[in-house]
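The next block holds one structure in the form of structure tokens; read it before the comments.
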Amino acid sequence: MAGIGFELRRILAKDTYTSMVKGYFYATVISSGPWLMSVISLAFLAIYTIAFLGFEQRQLFASTIVYIYAGSLVGTGLTQMLVTRYLADALYQGSRRALSETFVPVILLTLATQLPMAIGVLHGTPLSPAYRFAATMTFLLVSLIWQAMIFLSASRDYKTIVLAFALSALISVGAGLLWGQRFGVVGYMFGFGVGQAVAFAILTIKVFVEYGIPRRWDWSFISYIKQYPSLIGIGFFYNLAIWIDKFIFGLSERGLITAGRCPTYNHYDSSMFLAFAATIPSMAIFLARTETDFADTYKRYYDDIFFRRPYARILQSKQTMIDALKRSFTDLLKIQGLITALLVFFGDDILMAVGLPYSQTATFRYALIGAFQQVLMLFIFIVLLYFDLRGTVLFLAGLFLALISGFTLLSIQLGFPFYGLGFAVACFIALLTSSVTLYWRIHNLEYITFARRKIVGQRWA
């Protein structure tokens, strides 16, 4: 996100309340755009579907959207980090045209991998052919939006991205309401999908306007599968870990199988949904601060090494980089920690305000604490990846997935009062392990830099 991040930093550098609000608003939409705009669309549609759809149809529509996002994240997680690494290397070498030349191949690969997944899930279900088609198209479009955002992270035109998601939300709601009243749940799904199509179309046009019309298709990123296989595991493990507890609860005796294939458990899913919505401010902080201040100090540190500057200066740059990390981490702790604490304290009132039963209060509070810890862990993962410690992050992501799975199963065995506690405990252990790992890696950064890898461009005797 460096390109957008630097533009946001320019806005925030004006140091006024207006610029601060403007900067963090853009950061919020960009960092959580696809998910945030879809949440807004669903919230409006949920209000108006009550008059036109029965409970089962509303449940079907909501569950389908949840699984569209779950499947798209897990599926694209297999390639997202590989593509990101390839594009980052291309930009480092000064080849911005590689972004447009790689875009179409990535889109085609995504369609080739995601379409069989959608067909496999929906085939044989009691759903109508029209609904299966609408759900499949929406699933593919959301997957393509995740991929398009990788390419636009190097852009400095944040306004077009915000416009794309804003229009997407408006059209999803408008078309959903228009067609839903006439065609029922199929109309709502088609309307929601049309909004996603508009967003993807705008993002695609922006890619070609920003980086030029491709003269050829570049499939070179495929070679990174062999070169960086750990990135496949990291993306898959982490995204699966985000959803695995929902799958497990849906498959439990309290769960409900929607559309013949999609396990859900509303009590747990709705609490987790609200808890993760509460972490949106931290994602904005991360984009506006970490991807700019830390990125600058990180580059300065490795420039000092590359240009063989004095060791004392290298150590000074390292300390500056550590200070930037501490500031970003402290900002996350203060702001997101305060938000989480307030939501935990007023948890029962919040649930009543959104129409959820008081009985979910404990689960909601556990979910808030776990989501807060997961955001901090994500921060650590990204910092470790800055230092190219892919093996370390792969281990931590795998550990996180195992912990979430194990403690979720344990919480189900312990009973209703402990629902959500497994998620919170798993996040705590994973965060603690990640924090210790980051501390050790930073403490031994010189060893890692000089002894474990060759600096590109450096001559070795």
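The values are calculated or read from the model by the stated rules, or taken from the named source; none is laboratory data. Note that the structure is predicted; figures quoted are calculated from it, not measured. Using ideal geometry, Cβ is built from the backbone for each residue, glycine included, and neighbour counts are taken over all protein chains shown. Side chains included, ligands, DNA and RNA excluded: accessible areas come from the protein's heavy atoms. Shrake-Rupley method; radii C 1.70, N 1.55, O 1.52, S 1.80 Å.
Exactly which trypsin sites (Lys or Arg not before Pro) in the stretch 122-191 are in a DSSP loop and have at most 15 other Cβ atoms within 10 Å?
Of the trypsin sites (Lys or Arg not before Pro), the ones in loops of the stretch 122-191 whose Cβ has at most 15 other Cβ atoms within 10 Å are Arg156.
Chymotrypsin sites (Phe, Trp or Tyr not before Pro) within the stretch 220-327: which are DSSP loop residues with at most 13 other Cβ atoms inside 10 Å?
Those that pass, being in a loop and sparsely packed, are Phe307.
List the trypsin sites (Lys or Arg not before Pro) within the stretch 224-311 that fall in a DSSP loop (any state other than H, G, I, E or B) and whose Cβ has at most 13 other Cβ atoms within 10 Å.
Loop-located and lightly packed - Arg308.
Local charge sum around Leu396 (other residues, Cβ-Cβ under 13 Å, Lys/Arg +1, Asp/Glu -1)?
It works out to a net charge of +2.
How much accessible area does Trp179 have with a 1.4 Å probe, in Å² rounded to the nearest 10?
For Trp179, solvent-accessible area is about 90 Å².
Based on the Cβ-Cβ distance from Ala341 to Tyr228, what FRET efficiency comes out when R0 is 30 Å, to the nearest 0.05?
0.15
Rounded to whole Hz and in sequence order, give me ³J(HN,Hα) for the stretch 67-72 from the Karplus expression 6.51 cos²θ - 1.76 cosθ + 1.60, θ = phi - 60°, writing x for Gly and Pro.
6, 4, 6, 5, x, 5
What percent of all Cα-Cα pairs in the stretch 361-422 falls in each 10 Å bin, counting up from 0?
All Cα pairs, binned at 10 Å, distribute as 21, 42, 25, 11, 1 percent.
Rg over Rh of the stretch 59-108, using C-alpha atoms and the Kirkwood radius, what does it come to?
That ratio equals 1.20.
Can you tell me the order of 71-82, 54-65 when each peptide is scored by its average per-residue count of other Cβ atoms within 10 angstrom, highest first?
71-82, 54-65
Direction-averaged shadow area of the convex hull around the Cα atoms of the stretch 333-461, nm²?
Result: 10.0 nm².
Using 0.36 nm times the number of residues separating Ala201 and Ala312, minus their current alpha carbon distance, what extension gain do you get?
34.9 nm
Please give the FRET efficiency for Ser220 paired with Ser435, using the beta carbon to beta carbon distance and R0 = 35 Å, rounded to the nearest 0.05.
Between Ser220 and Ser435 the formula returns 0.45.
Summing Lys, Arg as +1 and Asp, Glu as -1, what charge do residues with Cβ under 12 Å from the Cβ of Ser100 carry, Ser100 excluded?
That sum, taken over residues with Cβ under 12 Å, equals +2.
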